[in-house]
Structure formats: C-alpha cells, structure tokens
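One structure below.
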Amino acid sequence: MSATSILGRPTKTATSASLHSSAWNAIGTTVRIVVADATQLGSARAMLVDDLAALDAACSRFRADSELMRLEASAGKPTMVGPLLAGAIRAALRGAQLTQGDVDPTVGRAMEAIGYDRDFATVPAQGGALRVTVRHVPQWRQIVLDEAASLLTVPAGVRLDLGATVKAWAADRSAERIARALACGVLVSLGGDIAVAGDVPPGGWSIRVQDVAGDPSAPDDGPTSIIAIHHGGLATSSTSARRWQRGGDVMHHILDPRTGRPADGLWRTVSVAAGSALDANIASTAAIIRGLRSASWLARLGLPARLVTVDGNVTTVAGWPAEVSG
C-alpha cells in the first residue's frame with residue numbers, strides 16, 4: 001500500500017464556487033462527482049452512471065443475473081469472465097494479500113448468515129436472534145485468476161462478496177477514465193471511497209471526514225475533520241454506517257474473517273489516505289478488524305489516518321492534519 005505525500009488542511013479556494021458537483025444514489029450507496037469545469041459536469045455524470053450500471057451487472061451479489069452470481073453454476077471450474085469482473089477480483093485479491101486475509105472476498109455466505117443478504121436499503125433494521133454456529137473458512141488463496149486467458153476459478157461452495165474493495169476500485173477506475181476523457185479535474189465518491197484524478201483545484205480537493213466521508217459543505221454530525229487531498233484517494237470504513245439488529249446483537253457490514261461475524265474492535269471509524277482509493281480502503285477496512293494494533297500498523301506504513309473510537313475519541317497518525325475545533 002502506498003501513501004499519499006500531499007495531505008493537509010484545505011485553503012479557502014478548495015471549497016470555492018469553481019467546483020461543480022452532482023449527487024445521487026446507485027449500487028446501494030451515495031454517489032457524488034465533483035468537477036472543476038462546469039461545462040463537463042453533465043458528461044462526467046453520464047460517464048459515471050454508465051460505469052456504475054456496468055459494475056452492478058458484473059459484480060453485484062444481490063442480482064441473480066450478475067456475472068458474479070452466475071459463477072456459481074461453474075464453481076470449481078475455470079470460467080471465462082469479462083474484464084470488469086476480472087479487475088474487481090484482482091482488486092479483492094490484492095486486499096486479501098496485503099492484509100494476510102483480514103480483508104477477505106470469500107465471506108459472502110458469512111455475510112448472508114448475519115442478515116446482509118440483499119441490498120442494504122431493504123435489510124430489516126430489526127429481526128430475531130441469529131444462531132451462527134459455523135465459522136467462516138477463508139478460501140481466498142484457492143481463487144485462481146488467469147487474466148491472460150480471462151479465466152477465473154472459484155472453489156465450490158464459496159460465495160464471493162466484493163463489497164470490501166469494489167467501490168474503491170471502481171472510484172479509482174472511473175475518476176481516471178473521466179479525467180482522461182474530459183481533460184479536467186474530477187473527484188468520484190462512492191459511499192465514502194474517494195478517488196481524484198486530473199487537474200487539482202487550488203488548495204486541493206476538500207473533503208469532510210466523519211463516520212461517512214463526503215461533502216465538506218454538509219452539516220457535521222459528531223467528530224469531524226476537513227482535509228484536502230491532491231492525488232490518490234481517501235477511504236472511510238465505519239461500523240456506524242450500515243448497522244442492523246438481530247435479537248440483542250448489533251450487526252454491521254465489516255466482518256472479521258476469523259469468526260465470520262462483525263468485527264468487535266476498538267474503532268467505529270477509520271479514514272486513510274493513500275496512493276489510490278483502493279489501497280486506502282484496504283487499509284481502513286483492515287484497521288477496523290485489527291483494532292488496537294491498527295494505529296501503529298498504519299504509522300509504520302506511513303499512511304495518514306484518522307481513527308475514532310466507539311466513544312468518539314480521535315487518534316491521528318502519519319501526518320494526518322490536527323483536528324481544528326469549530
């Protein structure tokens with residue numbers, strides 16, 4: 001994972017009227033695009049809409065007709081896959097490799113077992129107690145991706161869940177594609193996974209960081225920080241963003257692959273800046289799972305990070321800007 005070397009507090013010009021944005025909901029999350037050229041906003045939005053529609057068709061585990069779900073018909077055998085799914089799988093395996101399996105794409109069935117078996121907007125907020133007795137068995141090392149031949153082999157019985165990495169990877173991909181096509185600076189945010197590309201506005205791209213990263217002009221809610229990034233990406237992983245209850249247990253969407261259950265750690269939110277949104281997301285997700293060890297781990301990697309405990313106490317490492325009250 002690579003660090004971003006330019007991270008700081010934005011100047012006033014970073015949030016000026018020269019930036020133009022559009023926001024909507026897609027792929028089960030909030031989507032936001034910001035461009036520095038007003039004349040390109042419509043084209044940039046249209047390109048991102050197309051990218052996300054293709055991503056959903058390839059990678060959703062909530063669509064029976066998605067390419068990802070159709071893999072199960074040929075489980076255990078090499079199967080031809082398209083370039084979009086292959087890229088998303090490559091990103092997921094990168095996450096598993098860099099974190100020694102803490103970010104694991106083979107947790108699909110474990111995720112379903114705790115109740116996250118459909119688009120989150122339709123997951124019941126309350127439900128009966130769950131009896132989860134079978135621990136997740138990580139099998140990511142048995143996934144074989146032969147990109148030269150466009151062949152993917154997934155072990156029989158494994159249901160992939162690319163949710164831990166796919167939005168960040170898609171944000172990187174779309175930001176680069178849009179900036180290249182339209183020759184302008186662009187920021188793409190997919191549910192708090194943020195990638196920037198192209199020309200940088202004066203003072204950098206301004207981002208509000210809290211339990212869900214987003215628009216710096218939005219009202220804050222709880223501990224918050226406004227920072228600027230100049231390249232790469234930023235990701236926020238939070239156990240506060242997607243929660244539901246089953247019996248007396250509070251569930252969330254970040255699973256500890258050692259138990260197959262929601263991570264029970266120190267941090268409610270971790271935000272990381274890195275050379276890409278993908279690497280930032282891999283680090284922030286792993287940090288939630290690793291708990292107490294995370295701050296020193298991120299510091300050793302040189303990744304600027306902001307970690308918030310369940311009680312709201314903030315720790316920053318590796319050059320993350322100091323908090324400013326008011």
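The table for this structure:
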item: Mean Cβ count within 10 Å, highest first, over the residues of peptides 310-318, 165-173; result: 165-173, 310-318
item: Exposure proxy order (Cβ contacts within 10 Å, fewest to most) of ILE226, ILE254; result: ILE226, ILE254
item: Proxy reagent accessibility, fewest Cβ within 10 Å first, across ASP102, ASP37, ASP65; result: ASP65, ASP37, ASP102
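None of the figures in this text is laboratory data; all of them are computed from the coordinates on show. Bear in mind the structure is a predicted one, so any value in this text is a computation, not a measurement. All Cβ positions, glycine included, derive from the backbone under ideal geometry; neighbour counts span all protein chains shown.
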